[in-house]
Amino acid sequence: MNVTPPTVALLFDLDGVVIDTESQYSLFWHRAGADYLGMSDLEHRVKGQTLTYIYDTFFPNMAAEQAAITASLDRFEQQMTFDYLPGVEAFLIELRQRNMKSAVVTSSNEQKMAAVHRAHPELRSLFTRILTAELFSRSKPAPDCFMLGMKLLGVMPQNTYVFEDSINGLKAGMASGATVVALATTHPREAIQPLSHYIIDDFNGMTYDKLIENYTFAASN
């Protein structure tokens, strides 16, 4: 009796996973925290969060400041570089060639994604879906974004890989029931090890066969 293998999906955060932007955002939010809040570590507190969450949590009832930050952020993102993380483009191309289901699941909004698409017009063709902050009612570490990605791709958590780098993103991935592969691009390994099943430095040398052979689904362990 032939058994149809389960559908596998791969969900990727964007910043610090697909594109190398985390250090740039750290500079922006460090400056915003220092200028508006007298805070020296805002950049660490906001990683993986939507702009709505950041404003509601750190800038409540500060409409003028929010407007100024939004304008500055819009200008900043137009000038950012959006380099791919090492090895990720080749990995994504292979996944598409093999007709694997994949999605970007990001806390970035559509306006920021427009800048990314200008830098990488091929990005849409590399993924089955691209999910942005406008689609989620709760920000990471809530698992809503990854659960929506699984629903739209028609897969179960036990057959899903989540690739993340931020603390909140990793918590969201673990809460979703997926197998979580952490990228050591934003935090040291000792910080992300308890929040993931596997850790990689980047995607150099990664293939789908290597993923399946060496990063087994957590549900099967």
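Read-outs throughout are calculated quantities, based only on the coordinates presented, and are distinct from any laboratory measurement. None of these values were measured; they are calculated from a predicted model. Backbone-built Cβ (ideal geometry, glycine too); neighbour counts: all protein chains shown.
Can you tell me which residues in the stretch 19-50 are in a loop (DSSP other than H, G, I, E, B) and farther than 22 Å from residue 138 by Cβ?
Once the filter is applied, which keeps residues that are in a loop (DSSP other than H, G, I, E, B) and farther than 22 Å from residue 138 by Cβ, the stretch 19-50 yields 20, 21, 38, 39, 40, 41.
I'd like to check something: does the stretch 173-182 contain any residue that is surrounded by fewer than 19 Cβ atoms within 10 Å (Cβ to Cβ), in contact with a helix residue (DSSP H, G or I) (Cβ under 7 Å, 6 or more places away or on another chain) and of a type outside the set (Asp, Glu)?
For the stretch 173-182, residues surrounded by fewer than 19 Cβ atoms within 10 Å (Cβ to Cβ), in contact with a helix residue (DSSP H, G or I) (Cβ under 7 Å, 6 or more places away or on another chain) and of a type outside the set (Asp, Glu): present.
Does any residue of the stretch 81-96 turn out to be among the charged types (D, E, K, R), surrounded by 20 or more Cβ atoms within 10 Å (Cβ to Cβ), touching a Ser or Thr at 6+ places or on another chain (Cβ under 9 Å) and under 30 Å from residue 156 (Cβ atoms)?
Within the stretch 81-96, not a single residue is among the charged types (D, E, K, R), surrounded by 20 or more Cβ atoms within 10 Å (Cβ to Cβ), touching a Ser or Thr at 6+ places or on another chain (Cβ under 9 Å) and under 30 Å from residue 156 (Cβ atoms).
Being exposed (fewer than 15 other Cβ atoms within 10 Å of the Cβ) and either closer than 13 Å to residue 168 by Cβ or among the small types (Gly, Ala, Ser) (or both) is the filter here, so list the residues in the stretch 130-145 that pass it.
137, 138
Out of (1) within 11 Å of the chain's Cα centre (by Cα); (2) free of Cβ contacts under 8 Å to residues at least 12 places away in the same chain, the odd one out for residue 122 is which?
So the condition that residue 122 fails would be (1).
Applying the selection to the stretch 116-129, what residues are over 14 Å from residue 82 (Cβ atoms) and surrounded by 17 or more Cβ atoms within 10 Å (Cβ to Cβ)?
127, 128, 129
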